[in-house]
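Below is one structure; the comments refer to it alone.
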């Protein structure tokens, strides 16, 4: 019944301003008004990485629950893990509104939010409250996506501050250096700057390993707009620094694959500045994912995100090299039923191929995807 009601409500939410609809979704989750899975996850969907158990490979991407208001509602709703953030040391309001634009025909969004969030202290206290919940800490993996304030004079210090603040409440960290909406942030993806940043972040992380924590994984989230000539240099730095995982990818500045109006012109919303997410990002981000998987030889677990809108697009990510997945924009257009579709597609594929875990599918078509050019999104 709840799933049916949510399905009926989705068209109404699409008539509201995007940020208003998003706030309604968060309040509904806070109030417990969300569909629960009708059955337990297929055991074959479970995996363990970095000492963390994922009941299924599907996570909610950063940006949905920036301030850690509803991680447990998301886990109860069928996600295998949740990622809070992006969070910055000091609260910031982000860029002026309007700053989120729907491209409904494309099943896409453009956003230039600019790391709007309540800051470290607000998120920390919510996650502490979660740990101290009656009956003990709820089950499920919850990561924290850390970033830098727009006006920061020392961005490296902002990232290490995130490690220090959340080391006792985060199951893992994601270093977000790939948002296009904070000026200069993507410069941190340049190999030299990236090496400097990661040395500092990992040094901060290592302070808490040993007696305090057995593991505290650090992941890095990359943009799909890194020049192909530079991608492997970036990946080499991540491998040399022994980063635990890589998320591919963030939103794109590209406007390829968008539908045109009847006169052949790009619709007005598509001309807005910001990062594009949703179905049109699928091919580009999947090609980058496959190139990374092939270059790294599967040595670092990859999380595939960008343009997942049905079971097949999720399977594409796995076959291109993803061990885990993340969603956001697809949920806006497809609703909570998207989780069921993905789980069913993955289970059916494992059944058809005789695999007892997703690892047997991971990277199985990476070579094919990696042959494509992601800047032009064409095959050789």
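Looking at (1) within 21 Å of residue 218 (Cα to Cα); (2) in contact (Cβ under 8 Å) with a residue 60 or more places away in the chain, can you tell me which one residue 119 breaks?
Among (1) within 21 Å of residue 218 (Cα to Cα); (2) in contact (Cβ under 8 Å) with a residue 60 or more places away in the chain, residue 119 violates only (2).
Within the range 78-100, take every residue that is at pLDDT 95 or above and in a strand (DSSP E or B) and give me the one that is nearest to residue 52 (Cα to Cα).
Ranking the candidates gives 81 first.
Let's see how each residue does on (1) touching a strand residue (DSSP E or B) at 6+ places or on another chain (Cβ under 6 Å); (2) in a helix (DSSP H, G or I); (3) farther than 22 Å from residue 49 by Cα:
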site	(1), (2), (3)
340	no, yes, yes
346	no, yes, no
351	no, yes, yes
364	no, no, no
367	no, yes, yes
376	no, no, yes
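Quick one: in the range 290-309, which of the residues that are in a loop (DSSP other than H, G, I, E, B) and touching a helix residue (DSSP H, G or I) at 6+ places or on another chain (Cβ under 6 Å) is nearest to residue 218 (Cα to Cα)?
Result: 306.
Looking at the range 336-360 only, could you name the residues that are touching a residue at least 60 places away in the same chain (Cβ under 8 Å) and either buried (at least 21 other Cβ atoms within 10 Å of the Cβ) or under 17 Å from the mean Cα position of the chain (by Cα) (or both)?
Once the filter is applied, which keeps residues that are touching a residue at least 60 places away in the same chain (Cβ under 8 Å) and either buried (at least 21 other Cβ atoms within 10 Å of the Cβ) or under 17 Å from the mean Cα position of the chain (by Cα) (or both), the range 336-360 yields 336, 339, 342, 343, 346, 358.
Which one of these does residue 247 not meet: (1) buried (at least 16 other Cβ atoms within 10 Å of the Cβ); (2) at pLDDT below 95?
Checking residue 247 against (1) buried (at least 16 other Cβ atoms within 10 Å of the Cβ); (2) at pLDDT below 95, the one that fails is (2).
Where the second residue is outside any strand (DSSP E or B) and buried (at least 24 other Cβ atoms within 10 Å of the Cβ) and the first is in contact (Cβ under 8 Å) with a residue 40 or more places away in the chain and at positive phi and lies in the range 301-314, which pairs have Cβ atoms under 6 Å and are six or more apart or on separate chains?
Listed pairs, sorted by first residue: 306/249; 306/281; 306/285.
Residues 138, 96: which one is in contact (Cβ under 8 Å) with a residue 24 or more places away in the chain and surrounded by fewer than 18 Cβ atoms within 10 Å (Cβ to Cβ)?
The match here is 138.
Suppose the filter is under 23 Å from the mean Cα position of the chain (by Cα) and either loosely packed, with under 14 Cβ neighbours inside 10 Å or modelled with pLDDT of 95 or more (or both); does residue 258 pass it?
So residue 258 fails the test.
Find the residue count for the range 310-338, including only residues that are in a loop (DSSP other than H, G, I, E, B) and under 13 Å from residue 285 (Cα atoms).
2
Out of all the residues in the range 224-242, is one or more assigned to a strand (DSSP E or B) and in contact (Cβ under 8 Å) with a residue 12 or more places away in the chain?
No.
Of all residues in the range 36-48, which are buried (at least 19 other Cβ atoms within 10 Å of the Cβ) and part of a strand (DSSP E or B)?
47
Per-residue answers, yes or no, for (1) crowded, with 23+ Cβ neighbours inside 10 Å; (2) over 20 Å from residue 251 (Cβ atoms); (3) in contact with a strand residue (DSSP E or B) (Cβ under 9 Å, 6 or more places away or on another chain):
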position	(1), (2), (3)
51	no, yes, no
59	yes, no, yes
72	no, yes, yes
92	no, no, yes
101	no, no, yes
107	no, no, yes
130	no, yes, yes
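Give me the residue from the range 63-77 that is in a helix (DSSP H, G or I) and in contact (Cβ under 8 Å) with a residue 60 or more places away in the chain and, out of that set, nearest to residue 152 (Cα to Cα).
Going through the qualifying residues, I end up with 71.
Regarding residue 127, is this residue under 24 Å from residue 30 (Cα atoms) and outside any loop (DSSP other than H, G, I, E, B)?
Criteria met by residue 127.
Within the range 180-202, is there a residue that is at pLDDT 90 or above, under 23 Å from residue 168 (Cβ atoms), in contact with a strand residue (DSSP E or B) (Cβ under 8 Å, 6 or more places away or on another chain) and surrounded by fewer than 21 Cβ atoms within 10 Å (Cβ to Cβ)?
The answer is yes, given that some residue of the range 180-202 is at pLDDT 90 or above, under 23 Å from residue 168 (Cβ atoms), in contact with a strand residue (DSSP E or B) (Cβ under 8 Å, 6 or more places away or on another chain) and surrounded by fewer than 21 Cβ atoms within 10 Å (Cβ to Cβ).
The values are calculated or read from the model by the stated rules, or taken from the named source; none is laboratory data. Worth saying up front: this structure is predicted, and the values here are computed from it rather than measured. Cβ: placed from backbone, ideal geometry, glycine included. Neighbour counts: every protein chain shown.
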